[in-house]
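Heads up: the structure comes next, in structure tokens.
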Amino acid sequence: MRRRNFIALLGGAAAWPLAARAQQPMPVIGFLGSQSLDYYADLFRAIRQGLKDSGYVDGEDVPIVSRSADRQIDRLPALAADLVQRRVTAIVTEAVGAALAAKAATTTIPIVFAVVDDPVRLGLVTSLARPGGNLTGVNFLNAELAAKRLEILRELVPSANRIAVLVNSNNAAERELDAAARAMGLQIVVLNAGTSREIDAAFASFAKQRPDAVLNSPDPFFRSRRVQVALLAARYGVPTAFALRDYVEAGGLMSYGASLADAYRKVGIVVGRVLKGAKPADIPVEQSTKFELVINNQTARMLGLTVPPSLLARADEVIE
């Protein structure tokens, strides 16, 4: 059995009410992702917690049929169609491409997405308050927070004037950065990388590009390569800012963004509402409210940086 085509059980069915089981089949969640399945282990735990929070005891009531594109984005439509054919009760999607593929595959099965950008702009819903159609979900705002990350990075590295922005070639560069960079008098250099080798090449180009710091755009692909990115940043001695804390735990300098665990817990809560009969059209899109600033002080010292006391005081966590 292929790793990407398996049923990931969130536990047994013992907690599913006996009366309900007698009246209807157990609901099954379909999960559609763009990365490899091992990438989602912590996200499944967060979804399980959200299901528990919505009344599904220990999150053990509902099996998940998982489909992963293993970073082959063009496979997403076929994987979405497979979940629809299996008549899952609801589909949870990770990343924009998966959400769009699921939307194209069905207009009837509820879809709960998790995206980093505005779902209205992406065409997933008609509005945040009343999504319409069969989609709703969570926006954890990490794309919108790009300008704030740039401000914090500049506070940490006041001499930085030329900022390289590492983006996945399969995704758009962060629009918010242009205006913020101009307002701060900074020069932005966009570097595209959609494969591991392209990440290597992007950092190797620093000898020519000579950036003072790097801003890593929020993207599932980069998260799957976070150790590589952190190691390269250390090798080239360049301060790097990220959206998620796990980059910093891997050795990156700093991160500012939504808590991914909290965002996917919210996904589990929304799924719970759907399983209880609520229509996605009537469930407002959730937006992350828990944001965290994490600084790796050991990495800062290695780079010859002194973190301002005011920034240390604002940090949710400082890794020593």
What is the number of the single condition among (1) modelled with pLDDT of 90 or more; (2) closer than 20 Å to V274 by Cβ; (3) surrounded by 20 or more Cβ atoms within 10 Å (Cβ to Cβ) that A69 does not meet? (2)
Test each condition in (1) buried (at least 21 other Cβ atoms within 10 Å of the Cβ); (2) of a type outside the set (F, W, Y); (3) in the same structural domain as R226 (by TED's automatic domain parsing) for A105 and report the one that comes out false. (3)
Filter the range 191-210 down to residues that are surrounded by fewer than 14 Cβ atoms within 10 Å (Cβ to Cβ) and of a type in the set (A, V, I, L, M) and give me whichever is modelled with the lowest pLDDT. A207
Which condition from (1) assigned by TED's automatic domain parsing to the domain that holds R314; (2) under 25 Å from V294 (Cβ atoms); (3) not basic (K, R) is the one that A114 breaks? (1)
Testing P284 on (1) under 27 Å from R71 (Cα atoms); (2) outside any helix (DSSP H, G or I); (3) assigned by TED's automatic domain parsing to the domain that holds F113, one condition comes back false. Which one is that? (1)
In contact with an Asp or Glu (Cβ under 8 Å, 6 or more places away or on another chain) and not assigned by TED's automatic domain parsing to the domain that holds R225: is that true of D70 in this structure? no
Between a residue in the range 225-241 that is surrounded by 15 or more Cβ atoms within 10 Å (Cβ to Cβ) and any residue that is basic (K, R) and not in a loop (DSSP other than H, G, I, E, B), which pairs come within a Cβ distance under 6 Å, given they are 6 or more apart or on different chains? A241/R149
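Within the range 304-320, can you find the residues that are surrounded by 13 or more Cβ atoms within 10 Å (Cβ to Cβ) and assigned to a helix (DSSP H, G or I)?
Passing the criteria: L311, L312, R314.
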Select from the range 244-265 the residues that are hydrophobic (A, V, I, L, M, F, W, C) and closer than 18 Å to V318 by Cβ and write down the one among them that is farthest from the chain's Cα centre (by Cα). L253
Note: among L124, L150, L156, just one is free of Cβ contacts under 8 Å to residues at least 40 places away in the same chain, crowded, with 19+ Cβ neighbours inside 10 Å and not acidic (D, E), namely L124
Whichever residue in the range 267-303 is touching a residue at least 12 places away in the same chain (Cβ under 8 Å) and among the small types (G, A, S) and, among such residues, is surrounded by the most Cβ atoms within 10 Å (Cβ to Cβ): G268
Just checking: which of the strands (runs of 3 or more DSSP E) contained wholly in the range 85-184 hold 2 or more residues that are of a type outside the set (A, V, I, L, M) and closer than 21 Å to L260 by Cβ? 90-94, 135-139
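The values are calculated or read from the model by the stated rules, or taken from the named source; none is laboratory data. These figures come from a predicted structure and were not determined experimentally. So basically every Cβ, Gly included, is an ideal-geometry build from the backbone, and we count neighbours across all protein chains shown.
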